[in-house]
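Asker: Below you'll find the structure I mean.
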Ligand code: CTP
């Protein structure tokens, strides 16, 4: 993963909600992502968690209102606020939201929020009735108009025992949102990338399908890397259990035909199409409407070719100019470079990523890949064995160079 949070100074404000225990997980995730996390707990947060909880996961001091009146109290909040790259308040109670909206400064967190010049993200957590109360809604509206990022709350089980709106969103989702805040001025800002991932499934009958072993990991890693560089990402995915990278618009598809439709709908105005999906090449001509039974004997399944998506997109590009860049993948078990080069030309690509799937540490289902990048101008660049995240970063890095120099 691109280390966009590396050495970023993040202030995490924790207020008095039962969701405060989840804030420890968020602090841990931010720290693991490379951020320097300073935590400020309100007095009511101390009813649920302790400074030690946070110090243990961040390796840094956690502050309380006692620090407001300590020896350095008068400068503490200014120092914390001024040096922060981002202030996150999670969970944010109705009370703290009201204080923020009105600019009150009666605890260390709110004083710091007033002194801070960095962006503010809040994750409300409270009972559904409190959240929907006009007072809370009006406070949130004030914060929204001040460009505060408000994430959640989510619906689900509440501490009151009832179900409804008011839960703090999960720490992983908050981490995703934090990454988006730091990536929004990246080199791909203003560019939309369409990325396909995973294998397609071509039905034989309602329960069986022709598919392949693609996990989708490489395509999802590309989507995350593109988001981290500030791109807007449309992720078109075949069936996979992988979670959506935060901020991507995901379109789930099953067959090659569905994927073609989704790709054609997404590419107008797109800067690039990255076809990491393993599209099935053949499909049953007549899928059975009912489950095929053994009594009928061994079935003969007649196949036809699926549409070649890159081929059709290349035609569209020739007519419309979109997408500006086309990147393909070639998973080969023999004559890797020859086959890949042939596909690069036949599909009129700017770049193809050749992947030797006969190696046990590259290709399907594993976390690593060993690829060679082949460019339309004949250049070849072999990358060593690396994680699929690193492969994704390298590919995006090359794409950024092409886009910014206007070549390709
Ligand atoms: N591809 C596509 N549409 C298809 C099949 C493949 O757009 N119906 C794309 C893949 O997503 C990949 C590239 O074409 O980016 C190469 O895919 P690959 O399966 O290696 O090539 P094929 O053209 O299908 O050739 P073959 O399977 O015969 O090697």
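Asker: Among the residues in region 378-392, are any touching a residue at least 60 places away in the same chain (Cβ under 8 Å) and assigned to a loop (DSSP other than H, G, I, E, B)?
Answerer: no
Asker: Moving to a separate point now. Collect the residues in region 271-286 that are farther than 9 Å from residue 306 by Cα, in a loop (DSSP other than H, G, I, E, B) and within 9 Å of the ligand (Cβ to nearest atom), keeping them in residue-number order. Let's see the steps before the verdict.
Answerer: Just the residues of region 271-286 that are farther than 9 Å from residue 306 by Cα, to begin with: 271-278, 284-286.
Keeping just the survivors that are in a loop (DSSP other than H, G, I, E, B) gives 271, 276-277, 285-286.
Passing the criteria: 276, 277.
Asker: Ok, one more. Return the residues of region 393-408 that are under 22 Å from residue 339 (Cβ atoms) and part of a helix (DSSP H, G or I); say none if nothing qualifies.
Answerer: If the condition is that a residue be under 22 Å from residue 339 (Cβ atoms) and part of a helix (DSSP H, G or I), then 394, 395, 398 are the ones that fit.
Asker: Additional query: How about region 131-167: which of its residues are surrounded by 12 or more Cβ atoms within 10 Å (Cβ to Cβ), under 25 Å from the mean Cα position of the chain (by Cα) and in a loop (DSSP other than H, G, I, E, B)?
Answerer: 148, 151, 152, 153
Asker: Condition first: more than 12 Å from the ligand (Cβ to nearest atom) and under 20 Å from residue 267 (Cα atoms). Can you find one or more residues in region 330-347 that meet it?
Answerer: no
Asker: State all residues of region 193-209 that are surrounded by fewer than 20 Cβ atoms within 10 Å (Cβ to Cβ) and in a strand (DSSP E or B); if no residue qualifies, say none.
Answerer: Filtering region 193-209 for residues surrounded by fewer than 20 Cβ atoms within 10 Å (Cβ to Cβ) gives 203-209.
Once the filter is applied, which keeps residues that are surrounded by fewer than 20 Cβ atoms within 10 Å (Cβ to Cβ) and in a strand (DSSP E or B), region 193-209 yields 203, 209.
Asker: Give me a count of the residues in region 357-373 that are more than 11 Å from the ligand (Cβ to nearest atom) and outside any strand (DSSP E or B). Step through it out loud before you land on a result.
Answerer: Here is the first cut: in region 357-373, the residues more than 11 Å from the ligand (Cβ to nearest atom) are 358-373.
Filter once more, keeping what is outside any strand (DSSP E or B): 358-367, 370.
Residues in region 357-373 being more than 11 Å from the ligand (Cβ to nearest atom) and outside any strand (DSSP E or B): 11 in total.
Asker: Which numbered condition in (1) over 23 Å from residue 395 (Cα atoms); (2) assigned to a loop (DSSP other than H, G, I, E, B) is the only one that residue 240 fails?
Answerer: Just one mismatch for residue 240, condition (1).
Asker: I've got another one for you. Looking at 25, 106, 38 in this structure, which one is surrounded by fewer than 20 Cβ atoms within 10 Å (Cβ to Cβ), closer than 24 Å to residue 8 by Cα and either under 24 Å from the mean Cα position of the chain (by Cα) or in the same structural domain as residue 173 (by TED's automatic domain parsing) (or both)? Steps first, please.
Answerer: Values: 106 fails: closer than 24 Å to residue 8 by Cα; 38 fails: surrounded by fewer than 20 Cβ atoms within 10 Å (Cβ to Cβ).
Exactly one of 25, 106, 38 is surrounded by fewer than 20 Cβ atoms within 10 Å (Cβ to Cβ), closer than 24 Å to residue 8 by Cα and either under 24 Å from the mean Cα position of the chain (by Cα) or in the same structural domain as residue 173 (by TED's automatic domain parsing) (or both), namely 25.
Asker: Counting only residues that are surrounded by fewer than 21 Cβ atoms within 10 Å (Cβ to Cβ) and outside any helix (DSSP H, G or I), how many does region 257-269 have?
Answerer: 2
Asker: Please go through region 304-325 and pick out each residue that is more than 9 Å from the ligand (Cβ to nearest atom) and surrounded by 14 or more Cβ atoms within 10 Å (Cβ to Cβ).
Answerer: First, pick out the residues of region 304-325 that are more than 9 Å from the ligand (Cβ to nearest atom): 304, 314-325.
Residues satisfying the conditions are 314, 316, 317, 322, 323, 324, 325.
Asker: From the list 184, 254, 213, 189, which one is under 22 Å from residue 388 (Cβ atoms), surrounded by fewer than 19 Cβ atoms within 10 Å (Cβ to Cβ) and either within 13 Å of the ligand (Cβ to nearest atom) or within 22 Å of the chain's Cα centre (by Cα) (or both)? Don't jump to the end; show me each part of the working.
Answerer: Values: 184 fails: under 22 Å from residue 388 (Cβ atoms); 254 fails: under 22 Å from residue 388 (Cβ atoms); 189 fails: under 22 Å from residue 388 (Cβ atoms).
Step by step, each of 184, 254, 213, 189 is checked, and only 213 is under 22 Å from residue 388 (Cβ atoms), surrounded by fewer than 19 Cβ atoms within 10 Å (Cβ to Cβ) and either within 13 Å of the ligand (Cβ to nearest atom) or within 22 Å of the chain's Cα centre (by Cα) (or both).
Asker: Return yes when residue 354 is under 27 Å from the mean Cα position of the chain (by Cα), outside any helix (DSSP H, G or I) and near the ligand (Cβ under 10 Å from one of its atoms) and no when it is not.
Answerer: yes
Asker: Which one is farthest from residue 90 (Cα to Cα), of the residues in region 157-171 that are out of contact with any helix residue (DSSP H, G or I) (no Cβ under 7 Å at 6 or more places or on another chain) and in contact (Cβ under 8 Å) with a residue 40 or more places away in the chain?
Answerer: Once the filter is applied, the top-ranked residue is 159.
Asker: Which one of these does residue 242 not meet: (1) in contact with a helix residue (DSSP H, G or I) (Cβ under 9 Å, 6 or more places away or on another chain); (2) away from the ligand (no atom under 12 Å from the Cβ); (3) farther than 22 Å from residue 365 by Cβ?
Answerer: Result: residue 242 passes all but (3).
A quick yes/no check of all residues on (1) part of a helix (DSSP H, G or I); (2) closer than 18 Å to residue 44 by Cβ; (3) not assigned by TED's automatic domain parsing to the domain that holds residue 54:
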site: 79; (1), (2), (3): yes, no, no
site: 90; (1), (2), (3): no, yes, no
site: 100; (1), (2), (3): yes, yes, no
site: 112; (1), (2), (3): yes, yes, no
site: 126; (1), (2), (3): no, yes, no
site: 129; (1), (2), (3): yes, no, no
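Asker: Any idea which of (1) away from the ligand (no atom under 16 Å from the Cβ); (2) more than 30 Å from residue 189 (Cβ to Cβ) is the one residue 401 doesn't satisfy?
Answerer: If we test residue 401 against (1) away from the ligand (no atom under 16 Å from the Cβ); (2) more than 30 Å from residue 189 (Cβ to Cβ), just (2) comes out false.
The values are calculated or read from the model by the stated rules, or taken from the named source; none is laboratory data. Predicted model, so just to flag it, every value in this text is computed and none were measured. All Cβ positions, even for glycine, are placed from backbone atoms using ideal geometry, and neighbour counts span all protein chains on display.
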